[in-house]
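Chemist: Have a look at this one before I ask anything.
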Amino acid sequence: MDKNNVGSREAGFIFDFDFKYKIGELWQFQINPFLQVNKSNIKDKNLLEPNEVNLQYKKNSKKILLGYHRTNWEGTDLVNPMDFIHPKNYLNPLFAQSRPSMGLFYSDQFKQVGFDFIYIPRQEKSILPSKTSSWWPRDLNLPLISGNTVLLLPDQIEYEIADDEIVNKALDNNVALRLQQHFDSVDISIAVFEGSSQTPILDVPTMEADVIEVGARDVIKLRAHIVIQPTYYRNRVAATAVSFISNFCIYRF
């Protein structure tokens, strides 16, 4: 594999279509498929996502949604502490997008207190860069020296993404809850989540190497084939956000 050409040729198209159909006064059906086709030297980057495929019931402040949906709880602009529910699409890690989850989404308002509840019976997984993606490190040709041991890294690296490992049934029965207190110019939010980690742990369980020299110093050269093991684990997350509303702008912390 030529590391200089990995992921260098990109062409294709993106299809994003949003359709909503009202059923009476209280019900609505929404479908918003997303299709990305890349005609490049990377074979497995075509993507079809059901961004929004759901049935929604709304009456006054109560809203119940069943199906595929992406929830966006407000937080800070750059790094949102409330963004921990949905898995991510990391085909381009610099612009990672949330993937939809299939479940039950409920929200309501009681006077000045907002309430949101989410139940996801089976969480989706994040999408990692393909094994031929240029996002995996490849320019690792400098030797590493530790004591009397010299570790030589290969000039060209080939990656293999192993089957996902699921720890403690991380993808099953994911639950999220948010409470909001609304004041005249301040909103305070508290959210909790228990379920799968957004990003799996990426481990290299084994690495093969060849012994080049043994003596005053030991020289070992790693082989070019590297196996990456993604592991999803169950975690509990809590976050809070405060928004100050003025006549000119909104401040979030």
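Chemist: If each of Ala96 and Gln156 carries a label point 7 Å out from its Cα toward its Cβ, how far apart are those two points in nm?
Modeler: About 3.0 nm separates the two model spin labels.
Chemist: Quick one: if the Förster radius is 51 Å, what FRET efficiency do Asn235 and Glu213 give, using the C-beta to C-beta distance and rounding to 0.05? If you can, show how the numbers build up before the last one.
Modeler: Working: r = 45 Å, r/R0 = 0.87.
Efficiency, from the Cβ-Cβ distance: 0.70.
Chemist: Kindly state, to the nearest 0.05, the FRET efficiency for Ile23 paired with Leu202, given R0 = 30 Å and r defined as their beta-carbon distance.
Modeler: Computed FRET efficiency for Ile23 and Leu202: 0.10.
Chemist: Using Cα pairs closer than 8 Å and at least 6 residues apart in sequence, work out the relative contact order for the stretch 184-242, in percent.
Modeler: 51
Chemist: Something else now. I'd like the carbon and sulfur percentage of the solvent accessible area for the stretch 203-243, probe radius 1.4 Å, heavy atoms only, ligands and nucleic acids excluded.
Modeler: The computed percentage sits at 53.
Chemist: Simple spin-label model, 7 Å along Cα-to-Cβ: Leu104 to Leu55 in nm?
Modeler: 1.4
The values are calculated or read from the model by the stated rules, or taken from the named source; none is laboratory data. Note that the structure is a prediction, hence the values are computed from the model and not measured. Backbone-built Cβ (ideal geometry, glycine too); neighbour counts: all protein chains shown. For accessibility, only protein heavy atoms count, side chains too; no ligands or nucleic acids. Shrake-Rupley method; radii C 1.70, N 1.55, O 1.52, S 1.80 Å.
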